[in-house]
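Before any comments, here is the structure.
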Amino acid sequence: MSRFRSFLALALLAALPVAAQVDRVQDLRYPPLAPFDIPQAQRIELDNGLVVLLLEDHELPMVEATVLVRAGSGYDPADKIGLAELAGRVLRTGGTETMNGDQLDDWLESRAAAIEVGVQDDAARVTMNSLKKDFPDALRLLADVLRRPAFDPGKLEVERNRAITNVARQNDELLGILFREFREIVYGPDSPYGWSQTYETLRAISREDALAWHRQMFHPDRTILGLVGDFSSAEATRWVREAFGDWARGPETKLAAPAWRERLTPGIYYAEKDDVPQSGIIMGHLGVRRDHPDYYALEVMNQVLGTSTSSRLFNNVRTKKGLAYAVGGQVGSAWDHPGTAMIFTSTKVETTGAALEALLEEARNLKAAPPTEAEIDVAKRGLLDSFIFRVDSPRRVLGQQLQTELHGYPRDWLSRYRAGIEAVNPAQVRDAAARHLRSDEFAILVVGPNQGQDKPLATFGKVTTVDITLPQPPAPPGPKSGR
Amino acid sequence: MSRHAVARAALALFALALPALSQDLKSFEERTTVHKLANGWTFILVERTNAPIFSFCTLADVGSSQEVPGITGLAHMFEHMAFKGGPKIGTRDWPAEEKALAAVEAAYAAWQTERFSPKPDPKKVEQLLAEFRARQQEASKYVDDDGILDNILEREGATGINATTNSDDTRYFYSLPSNKLELFAFLESERFLHPVFREFYQERDVVQEERRMGENSPFGRLLDQFQSAAFEAHPYKQPVVGYMSDLQSFTATDARKFFDTWYAPSNLTTVIVGDIRPRSVIPILEKYFGRIPARPGPQPLRTVEPPQDAEKIVVLEHSAQPIYLEGYHKPANNNPDQPVYDAIDDIFSRGRTSRLYRTLVRDKKLAIQAGSFSGYPGNKYPNLWAIFAMPSVGVTNEQVQEVIHSEIARLQNEDVTDEELAKFKTRAKADLLRAMRDNQQLADQLAEHQSRYGDWRELFRYLDRIDKVTKADIRRVAGETFVKNNRTVAMSNTKPTPAKESTR
């Protein structure tokens with residue numbers, strides 16, 4: 001297939017006359033892009049409900065696995081915020097029933113292989129990669145990690161120390177504070193999407209909690225396994241059945257979906273941060289869920305507003321006014337809950353007011369001077385012509401398909417994207433902008449020094465102070481004996 | 001599984017993985033074409049036909065090490081300006097714009113001359129500033145925003161449009177659908193044929209904000225202190241982004257001079273990886289890039305860092321949690337011992353089996369993270385082997401330092417194990433394999449090796465050098481390098497603050 005396409009492309013190019021060098025971009029003429037089929041994963045569902053997506057890629061002798069388990073931090077209890085992340089890390093570092101954590105580390109690293117766990121709000125993501133020759137063994141270890149973790153108490157303390165230290169460090173980076181506090185303002189103090197781990201909630205988590213978390217969440221019918229790399233699908237399927245086939249289905253439990261608040265309190269919020277020359281500024285409110293009918297119009301609108309270097313925010317706030325290096329904005333979306341609609345920048349303290357005004361102006365301008373046909377045309381062309389880069393490797397395609405599978409989106413979601421963008425018209429973009437970016441409902445958060453601003457924040461409205469002071473940290477852990 | 005079995009398994013893998021890898025390298029060589037233009041610009045073309053796309057990296061052999069006092073940050077500033085277009089790109093009326101830009105430059109010079117005269121007349125300074133602003137306004141009228149480089153590229157479906165400057169070099173890169181190779185050739189040749197410094201002083205403000213973003217970060221501030229303490233003569237002591245006073249002073253005229261000196265075609269290397277055919281690409285390269293006249297290449301850097309004569313210690317006080325950093329001078333990366341430093345790096349700090357993870361993080365819980373890096377702030381000239389750690393809450397930098405020093409002593413006094421050495425070699429090979437599956441990453445690596453060592457194959461030959469590293473090498477190099485007088489310590493300590501009542 002790929003051979004054939006290559007020859008075709010060569011023939012096309014060879015047929016072109018050797019034209020003179022052009023003098024203007026407009027004079028360039030491009031040959032048609034060689035046809036390219038999006039690689040499709042093979043989908044299998046085992047009797048126990050485990051969904052397996054397989055995609056062969058024989059370029060290099062390597063294999064990658066990605067496992068998504070519906071065990072995200074969105075299910076954390078309010079008094080144990082951090083449970084999924086802490087338990088997720090110990091799932092891997094704490095070893096299995098047959099191999100302790102250190103042995104697992106040795107086995108993997110001596111083979112240039114890895115198994116790692118990352119916890120998102122919607123899932124625990126367990127990834128594995130190995131050289132081709134180690135794949136069958138590494139896959140068995142991956143199954144052990146998922147099904148028979150030991151949750152070694154010593155490793156739990158290593159990870160707890162890490163998490164608690166990260167809480168102590170959470171006010172060290174300006175933009176870290178900005179995005180964290182903004183999430184809390186938008187989603188509300190009672191929403192897992194706005195929560196941050198604290199010393200108290202981390203200390204409340206026991207090994208029993210981690211075991212219970214695993215018992216409740218880790219079942220084949222809550223899990224999707226994706227494999228990409230140098231294997232034959234038939235053989236890989238056999239190995240998957242051997243490693244996961246006898247994994248028992250979980251009980252029919254319905255976990256409460258994470259909640260969030262629909263309306264924030266508009267106004268100015270301020271958190272003090274010394275020792276920095278800049279103010280961080282962010283403004284916005286709730287965004288949309290990805291299956292919203294306005295999604296494609298918003299993709300186009302976002303390009304015009306602030307996700308590209310040709311965007312209005314980049315051009316006006318950065319290039320023309322020189323107010324910032326980092327500036328951007330979008331009506332964000334997530335698969336299973338509304339993302340955040342936001343505009344942000346960071347600027348020297350002395351231009352805090354000027355930058356805040358410039359951001360607000362761009363938000364208001366979407367209504368006053370809605371995206372023109374020319375702007376929309378440019379945005380659409382960019383999204384359509386760069387689409388190939390969303391599907392240019394089997395790894396990337398599989399990554400997308402795992403997400404759509406996890407959230408029950410149509411299986412051809414990725415291939416619908418082009419048609420979705422093509423169909424967007426200027427009226428839809430204008431309407432979507434007006435509906436989903438409402439500057440009069442903004443929460444505006446500024447984080448930075450409280451001296452030296454060009455304008456008092458009170459100029460822009462009633463200021464609510466956000467206290468980011470941390471309580472005294474717990475005493476450092478002593479070294480564990482007997483190792 | 002016993003440790004012994006682990007070692008044997010690792011060695012077996014090592015032997016087995018080799019034929020597969022060398023096969024890949026052979027096929028790689030067949031897919032690679034080097035083409036040097038008459039003006040000295042080197043192009044490397046790598047065919048990788050998985051998808052109808054390509055990525056490129058142009059490496060200019062000039063970084064912040066080529067800057068002298070007064071123009072620090074200019075290599076990076078030029079990189080920003082290289083997105084502003086040229087006489088055929090991004091202008092509404094080039095002849096008029098050219099005159100307007102000359103007027104901006106003259107107005108800026110007049111303003112500066114008055115400002116820095118022995119007895120500046122405040123009224124005149126104000127007048128000249130207003131004149132400068134007016135000239136800027138005038139010049140802006142000719143800028144065609146839709147026509148500047150990254151706007152054209154975004155419209156045409158490019159991704160990853162960016163560039164980066166470090167102490168050693170400057171790199172420009174992006175990816176395009178493979179039917180737009182001529183767009184790449186047009187834009188990239190125009191970029192270095194006649195750059196135009198439009199909106200220079202607005203962009204200088206942007207770069208100042210970029211510098212401030214670095215200052216927001218406690219680790220960024222510590223790194224600045226670290227390198228300025230460790231180097232006394234070599235420009236590696238300078239921050240890549242430049243000193244604030246220089247960022248507020250250098251001019252478009254300075255940038256033009258910098259370009260003329262350092263962007264001779266013979267100082268540039270471009271690697272293109274993707275769905276391309278040399279037979280059809282080379283004529284396009286000749287047509288566009290061949291227009292750039294040859295000119296003499298730059299002179300090599302003269303200053304050599306003298307041997308360090310005393311331990312150096314810098315302490316920064318900050319509201320942030322502690323950070324520990326120390327470094328030792330070592331030779332440039334073309335030194336035969338470089339693979340030995342990489343071995344030390346791997347054994348010392350890579351992954352959960354590394355010595356520092358196991359002692360500092362796992363057993364003593366004194367830190368949550370420790371890492372080392374070989375080749376700071378660059379690798380072209382003699383540089384630093386550096387190590388950093390993030391202490392656990394309540395732990396001091398001194399406690400962390402003590403463990404790091406005892407681990408260093410162990411490296412000097414005892415051989416590393418067979419398992420550790422084999423693991424290093426296995427991972428180095430796998431790293432190279434993984435770098436080969438991404439067009440952009442591959443272009444970047446090949447460009448660096450071609451420019452630095454004169455042959456892209458050095459990327460692969462390095463594996464042979466890695467294979468030859470012995471336990472004795474590691475002890476010898478650790479003994480020579482990790483001595484007190486060769487050390488610079490930089491610590492960020494938490495500034496004591498009056499206790500505040502918390503509400504959460």
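The values are calculated or read from the model by the stated rules, or taken from the named source; none is laboratory data. Bear in mind that the values here come from a model prediction, so they are computed numbers and not experimental data. Here Cβ is always computed from backbone atoms with ideal geometry, including for glycine, and neighbour counts include all displayed protein chains.
Of note:
- Screening the stretch B:293-329 for residues that are part of a strand (DSSP E or B) and within 14 Å of chain A (Cβ to nearest Cβ) and picking the one that is modelled with the lowest pLDDT gives B:His318.
- Matching entry among B:Ala107, B:Ala96, B:Ala103 (being surrounded by 20 or more Cβ atoms within 10 Å (Cβ to Cβ) and at pLDDT 95 or above): B:Ala107
- Residue among A:Ala78, A:Ala65, A:Ala34 that alone is surrounded by fewer than 16 Cβ atoms within 10 Å (Cβ to Cβ) and among the small types (Gly, Ala, Ser): A:Ala78
- Those helices (runs of 4 or more DSSP H) of the stretch B:61-156 in which at least 1 residues are of a type in the set (Gly, Ala, Ser), considering only elements entirely within it, cover B:74-81, B:94-115, B:122-140.
- Members of the stretch B:228-242 found to be on the phi < 0 side of the Ramachandran plot and crowded, with 16+ Cβ neighbours inside 10 Å, listed by number: B:Ser228, B:Ala229, B:Ala230, B:Phe231, B:His234, B:Pro235, B:Tyr236, B:Lys237, B:Gln238, B:Pro239, B:Val240, B:Val241
- Any hit, the stretch B:232-245, residues being part of a loop (DSSP other than H, G, I, E, B) and aromatic (Phe, Trp, Tyr): yes
- When the stretch A:430-457 is filtered for residues that are under 16 Å from A:Pro338 (Cα atoms) and assigned to a loop (DSSP other than H, G, I, E, B), the ones remaining, listed by number, are A:Leu437, A:Arg438, A:Phe442.
- Subset of the stretch B:351-365 that is outside any helix (DSSP H, G or I) and within 8 Å of chain A (Cβ to nearest Cβ) - its residue that is surrounded by the fewest Cβ atoms within 10 Å (Cβ to Cβ): B:Gly351
- Selection count where residues are closer than 23 Å to B:Glu154 by Cα and free of Cβ contacts under 8 Å to residues at least 12 places away in the same chain, scope the stretch A:358-402: 9
- Selection of helices (runs of 4 or more DSSP H) fully inside the stretch B:402-504 by the criterion of at least 2 residues being at the interface with chain A (Cβ under 10 Å from one of its Cβ atoms) and under 22 Å from the mean Cα position of the chain (by Cα) returns B:418-435.
- Within the stretch B:173-230, the set of residues being within 10 Å of chain A (Cβ to nearest Cβ), farther than 20 Å from B:Ala60 by Cα and of a type in the set (Ser, Thr, Tyr) comprises B:Ser178, B:Tyr201, B:Ser217.
Rundown of residues vs (1) modelled with pLDDT of 95 or more; (2) at the interface with chain B (Cβ under 10 Å from one of its Cβ atoms); (3) loosely packed, with under 14 Cβ neighbours inside 10 Å; (4) over 30 Å from B:Ile53 (Cβ atoms), yes/no style:
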{"residue": "A:Lys380", "(1), (2), (3), (4)": "yes, yes, no, no"}
{"residue": "A:Arg390", "(1), (2), (3), (4)": "no, yes, no, no"}
{"residue": "A:Ser393", "(1), (2), (3), (4)": "no, yes, no, no"}
{"residue": "A:Ala423", "(1), (2), (3), (4)": "yes, no, yes, no"}
{"residue": "A:Gly452", "(1), (2), (3), (4)": "yes, no, yes, yes"}
{"residue": "A:Gly478", "(1), (2), (3), (4)": "no, yes, yes, yes"}
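- Qualifying residues in the stretch A:165-216 (those that are at the interface with chain B (Cβ under 10 Å from one of its Cβ atoms), of a type in the set (Ser, Thr, Tyr) and part of a loop (DSSP other than H, G, I, E, B)) - the one surrounded by the fewest Cβ atoms within 10 Å (Cβ to Cβ): A:Ser196
- Answer residue from the stretch A:142-159, given it is in contact with a helix residue (DSSP H, G or I) (Cβ under 7 Å, 6 or more places away or on another chain) and under 26 Å from A:Arg241 (Cα atoms) and is nearest to the other protein chains (Cβ to nearest Cβ) among those: A:Val145
- Residue identified as without any contact (Cβ under 8 Å) to a residue 60 or more places away in the chain, not assigned by TED's automatic domain parsing to the domain that holds A:Glu361 and not in a strand (DSSP E or B) among A:Ala427, A:Ala419, A:Ala475: A:Ala475
- For first residues located in the stretch B:244-266 and buried (at least 20 other Cβ atoms within 10 Å of the Cβ), partners that are basic (Lys, Arg) and not in a helix (DSSP H, G or I) and lie 6+ apart or on another chain with Cβ distances below 6 Å form the pairs B:Ala264/B:Arg295.
- Matching residues in the stretch B:366-380 - criterion: being within 14 Å of another protein chain (Cβ to nearest Cβ) and buried (at least 21 other Cβ atoms within 10 Å of the Cβ): B:Leu366, B:Ala367, B:Ile368, B:Ala370
- Taking the numbered list (1) aliphatic (A, V, I, L, M); (2) crowded, with 17+ Cβ neighbours inside 10 Å; (3) farther than 22 Å from B:Tyr357 by Cβ in turn, B:Ala435 passes all entries but (2).
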